[in-house]
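Written out below as structure tokens is the structure these notes cover.
Any read-out appearing in this document is the output of simple, stated calculations on the displayed coordinates, not a laboratory observation. Just so you know, these numbers come straight off a predicted model, no measurement behind them. Note that we place each Cβ from the backbone using ideal geometry, even for glycine, and neighbour counts take in every protein chain shown.
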Amino acid sequence: MPTEAASTDAVLVAIADTRRWLERAVIGLGLCPFARRVYDDGRIRFRVSEATAPDGLLQDLRAELQGLQSADPAVCETTLLIHPYVFGDFADYNDFLAEVDALVAAHGLEGELQVASFHPHYQFAGTGPSDAENNSNRSPYPMLHILREASVEAAIAQWGDTDLIYQRNIIVLRELGAQGWRRLWLD
């Protein structure tokens, strides 16, 4: 079992890595046109789960769902629940998402909160493991992004056809290519 100092260091590293990913990929490449304002306003809650099993992660997710539901959106708009120690395998992670949806439903939060998924080995159906478009959902660690439905609806109303975002992301990521993606992470 890691010491408390080692645990604290690991949490800080996971948050720093996630912030870097947000700044360079999500915001820097414009993969999510809504992320900059929320990030710049400091309204993203970063939480790191130290769970090593699915049940522990579900407990942490439950707490974060309740925390976001009760938070003032002017203070906390969204939560990134980073979970480095469980679901390193994408297939297992992808299967777990059904439990995530069931948890949201069991707490009566459908229509209020939703969970988006990110993973270092994310792969959309119908794509190959090295296809560039997978990078739009590839994060440094497995991660559950808890969003407010009202915020999503407002963004859609502002943006219009959100399929255009996905289509633009494919173009950007394909033009960037694997080498360009790797260069994003060089310091």
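Semi-axes, largest first, in whole Å: what does sqrt of 5 times each Cα gyration tensor eigenvalue give for the chain?
Output for the chain: semi-axes of 24, 21, 17 Å.
222 nm [θ] for the chain, helices only, -39500 (n - 2.57) per DSSP H run of 4+, per residue, to 500?
Helices in the chain give a 222 nm mean residue ellipticity of -16000 deg cm²/dmol.
Sort 65-72, 180-187, 11-18 by the packing proxy (mean of other Cβ within 10 Å over each peptide's residues), most packed first.
Result, highest mean Cβ count within 10 Å first: 11-18, 65-72, 180-187.
Taking the Cα-to-Cβ direction at ARG20 and at LEU97 and moving 7 Å from each Cα, how far apart do the two end points lie in nm?
Rounded to a tenth, the inter-label distance reads 2.6 nm.
What are the extents of the Cα atoms of region 33-135 along their three principal axes, listed from largest to smallest and rounded to whole Å?
Largest to smallest, the principal-axis extents are 40, 32, 26 Å.
Quick one: what are the phi-derived ³J(HN,Hα) couplings along region 25-32, Karplus 6.51/-1.76/1.60 with θ = phi - 60°, whole Hz, x for glycine and proline?
Values, residue by residue: 9, 4, 8, x, 8, x, 5, 10 Hz.
Considering only the other residues whose Cβ falls under 13 Å of the Cβ of ARG182, what net charge follows from Lys and Arg at +1 and Asp and Glu at -1?
+2
Amide H neighbours of LEU113 under 5 Å, counting only residues 5+ apart in sequence or on other chains, H built in-plane at 1.01 Å?
So LEU113 has HN proximity to GLU149.
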